[in-house]
Amino acid sequence: MFKPEILNTLKKYSSKTFLNDLTAGIIVGIVALPLAIAFAIASGVEPERGLFTAIIAGFFISLLGGSRVQIGGPTGAFAIIVYGVVAKYGYSGLAAATVMAGILLIMLGAFKMGGLVKFIPYTIVTGFTAGIAVTIATGQIGDFLGLSISVFPEGFSKMPGNFIGKIETYAMNITHINYYSLIMSSVCLALIFIWPHFCKKIPGSLIVIILATAANILLKKYTGLETDTIGSRYGSIPSTLPSPLLPQFSVETITALFPTSISIAVLAAIESLLSAVVADGMTGTKHDSDTELIAQGIANIASPIFGGIPATGAIARTATNIKNGGKTPVAGIIHAITLLLIMLILGKYAVYIPMAALSAVLINVSWNMAGFPAVKALLKGQKSDIFVLAATFLITVFIDLTVAIEFGLGFAAFFFIKKMIDVSEVQNKRDSIAGGISGNEFLEENIEIPESAVVYEIDGPLFFGTVRKFEFAIERAGANAKVLILRMQNMIYIDAGGIRALEQAKAACDKNGITIVISGIHTQPYILFSKMGMIEKLGKENICADIKEALSRTNQLLVN
């Protein structure tokens, strides 16, 4: 049943809640301003299209979504797809593809397919996210260096959309560096990185945009130094929303752009639901995946009608909303209204923003998107996860995001089948010996569980396809429990997604004062625990050979 979260939150809405939402919404609206412009430019469209997207899509995602605190708008994840579509089909082609993607998202939600997104392995999501980050950063090299690009590789009359073509273009024009632009972008990037040490409430990206714009105006007036600005490259920015206009469709258009619309829909679904999950962890609430997908679909239909580009839930802006006190979808609506007012009143001044400053903002976004801690952890894991991660990353960077997801899923399925065949032999042997941990739990009976403890037995492999069941089980753990025993006598295989689920379970339990104790871990899970640091996170004293030892450890914890 489609029931937007705003209907639930308004039942007990108060003036205090409104003040929290008002403050958070205004702050997030201000934060979203430079990002909306920057993501539009990175996508190869006019800067105002990013503002249109943040206003229109942001409004509908909050009004109709299944999350209390989700903030929607343009994100860096779409830059690769949008850039390629615009280069080949123009904005009209992008608008048509986005509307089709919106329809697909509504269908996914209507048929209750929101949970299926969970089946995309963590390694694939990490790989293509890192690949997108590299692609965005690569696209900013020219503006960061202030290159005057006039020479292109053979067969191109403008900047190529592919990674190799961009690098080749930069190399051909490397002698045309504008050192004033380089100094400005370098100072901006350094300030963005060090700013959180001084102030975490106001984002560094907003500060550098304001300071760089003011500095550029003054330096140009008194010294004659110049660098490209939004105005010099794109002209003026409208101070109003455009009149609604439906994209033109034909059989040829639908046939040509349907694969692209699938890519946009899949990416929007993945990123929005990941953002909603992160928000759930920060607020202790629970989002409705299917309602969220329907809202994302409506937003992606409305956005291009008003001149926008694809949109999804934005993790950074959603986290900013939560940290600044946002409680309900009203905060997201206020964020969209704030952006609209800024565009109406101050939009004409955006033409003075230096491209060098925006390049620094986008490079910082790329750095945060790359997910270095996650990549580093996966590289310590098993070879199959490393291969899927590397393959997805390289295909995203050098070929295409859609192809990367397809191949990543294929590789993940292949390695999973192989692993299941391999570990089935271990299961037949009933071998539970692992690095000093020994014991046989198959004949244990008549165990007594303390009142403040809960025991869950994981029966079968914990991998990307079963992670959601594990999450539901953890969510059902008793609120008054002090110790959660995870019995793993029948869990003979775990992958990176399972490790990630355990990490999230550990974080949730820590928040509620619950200690996790592991009982009867097998060889493969124990080895991966060791490689990826889970033993240290859980505490070696909480890794027990069998259920009797686990209950003994539980009694110690309850006494203390």
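The values are calculated or read from the model by the stated rules, or taken from the named source; none is laboratory data. Predicted model only: the values in this text are computed from it and were never measured. So basically every Cβ, Gly included, is an ideal-geometry build from the backbone, and we count neighbours across all protein chains shown. For accessibility, only protein heavy atoms count, side chains too; no ligands or nucleic acids. Shrake-Rupley method; radii C 1.70, N 1.55, O 1.52, S 1.80 Å.
Through the Karplus equation 6.51 cos²θ - 1.76 cosθ + 1.60, θ set to phi - 60°, convert the phi angles of region 351-362 into ³J(HN,Hα) values in whole Hz; use x for Gly and Pro.
Working through the residues one at a time gives 5, 8, 5, x, 5, 4, 5, 5, 5, 5, 4, 6 Hz.
Provide the FRET efficiency to the nearest 0.05 for the Lys418-Phe398 pair, computing r from the beta carbons and using R0 = 25 Å.
With R0 = 25 Å, the Cβ-Cβ based efficiency is 0.45.
Counting only protein heavy atoms, what percent of the accessible surface of the chain is carbon or sulfur at a 1.4 Å probe?
Solvent-exposed carbon and sulfur of the chain make up 64 percent of the total.
Spelling out what I want: for every residue of region 249-258, take phi, set θ = phi - 60°, compute 6.51 cos²θ - 1.76 cosθ + 1.60 (Karplus), and round to whole Hz; glycine and proline get x.
Calculated HN-Hα couplings, in order: 10, 8, 4, 5, 5, 4, 5, 5, 9, 4 Hz.
So who's got an amide H within less than 5 Å of the one on Ile485, skipping anything under 5 residues away but keeping other chains? H placed 1.01 Å off N, in plane.
Result for Ile485 returns Val454, Val455, Tyr456, Val517.
Return the whole-Å distance between the Cα centroid of region 34-101 and the Cα centroid of region 240-272.
Computed from Cα coordinates, the inter-centre distance equals 11 Å.
Using only alpha carbon positions, build the gyration tensor of the chain, then give the equivalent ellipsoid semi-axes as the square roots of 5 times its eigenvalues, largest first, whole angstrom.
Working through the eigenvalues yields semi-axes of 44, 26, 23 Å.
With 16 Å as the cut-off, how large is the P(r) tail for region 54-101, expressed as percent of Cα-Cα pairs?
Every Cα pair in region 54-101 considered, those over 16 Å come to 50 percent.
Want the number for Ser186 to Asp459: 0.36 nm per residue separation, take away the alpha-carbon distance, what's left?
93.0 nm
Can you tell me the length gained on complete extension of the stretch Lys3 to Lys112, counting 0.36 nm per residue apart and subtracting the Cα distance?
So the chain would gain 37.9 nm between Lys3 and Lys112.
Could you run the Karplus curve 6.51 cos²θ - 1.76 cosθ + 1.60 with θ = phi - 60° over region 169-182 and give me ³J(HN,Hα) per residue in whole Hz, x for Gly and Pro?
5, 4, 4, 6, 10, 5, 7, 9, 6, 9, 5, 5, 5, 4
Take Lys323, project a point 7 Å from its Cα along the Cβ direction, then tell me which residues of region 283-306 have their backbone nitrogen under 16 Å from it.
It comes to 283, nothing else.
Under 5 Å between amide hydrogens, which residues at least 5 positions from Thr312 or on another chain qualify, with H placed 1.01 Å from N in the peptide plane?
Sorted by chain and number, the residues that satisfy this are Gly73, Thr75.
Compute the semi-axes of the equivalent ellipsoid of region 1-139, taking the square root of 5 times each eigenvalue of the Cα gyration tensor, and list them largest first in whole Å.
Semi-axes, largest first: 28, 21, 16 Å.
Please give the FRET efficiency for Thr23 paired with Lys286, using the beta carbon to beta carbon distance and R0 = 22 Å, rounded to the nearest 0.05.
The calculated FRET efficiency here is 0.35.
Set the Förster distance to 22 Å, then compute FRET efficiency between Phe156 and Arg233 from the Cβ-Cβ distance, nearest 0.05.
0.70
Give me the accessible area per residue for region 70-221, probe 1.4 Å, as a whole number in Å².
With the other protein chains kept in place, region 70-221 gives 45 Å² per residue.
Please work out the Cα convex hull volume for region 112-255 and give it in Å³ per residue.
Measuring per residue, one finds 256 Å³ for the Cα hull of region 112-255.
Which residue, chosen from Thr213, Ala133, Gly371, occupies the Cα position most advanced towards the positive end of the dipole of the chain, where the dipole is computed from +1 (Lys, Arg) and -1 (Asp, Glu) charges on Cβ about the Cα centre?
Farthest along the dipole direction, towards plus: Thr213.
In region 111-201, what trypsin sites (Lys or Arg not before Pro) fall in a loop by DSSP, with at most 13 other Cβ atoms inside 10 Å?
Filter output for region 111-201: Lys112, Lys158, Lys200, Lys201.
State, in angstrom, two size descriptors of region 503-558 derived from its alpha carbons: Rg to one decimal place and Dmax to the nearest whole number.
11.3, 30
Could you pull out every residue, at least 5 positions away or on a different chain, whose amide H is within less than 5 Å of the one on Tyr493? Hs are placed 1.01 Å off N in the peptide plane, and Pro or chain starts have none.
Close amide H contacts, sequence-distant or interchain: Leu462.
Per DSSP helix of 4 or more residues, -39500 (n - 2.57); summed, then divided by the residues of the chain. What does that give at 222 nm, rounded to the nearest 500?
Rounded to the nearest 500, the figure is -21000 deg cm²/dmol.
Please compute the Kirkwood hydrodynamic radius of region 206-365 from all pairs of different C-alpha atoms, in Å with one decimal.
With all distinct Cα pairs of region 206-365 included, I get 18.7 Å.
I'm a student and want to see the number: the projected area of the Cα convex hull of region 66-188, averaged over all directions, in nm².
Computed as one quarter of the Cα hull surface, the answer is 10.7 nm².
Mark the label point 7 Å from the Cα of Tyr179 along Cα→Cβ and return the residues of region 215-244 whose backbone N is within less than 15 Å of it.
So the set is 225-226.
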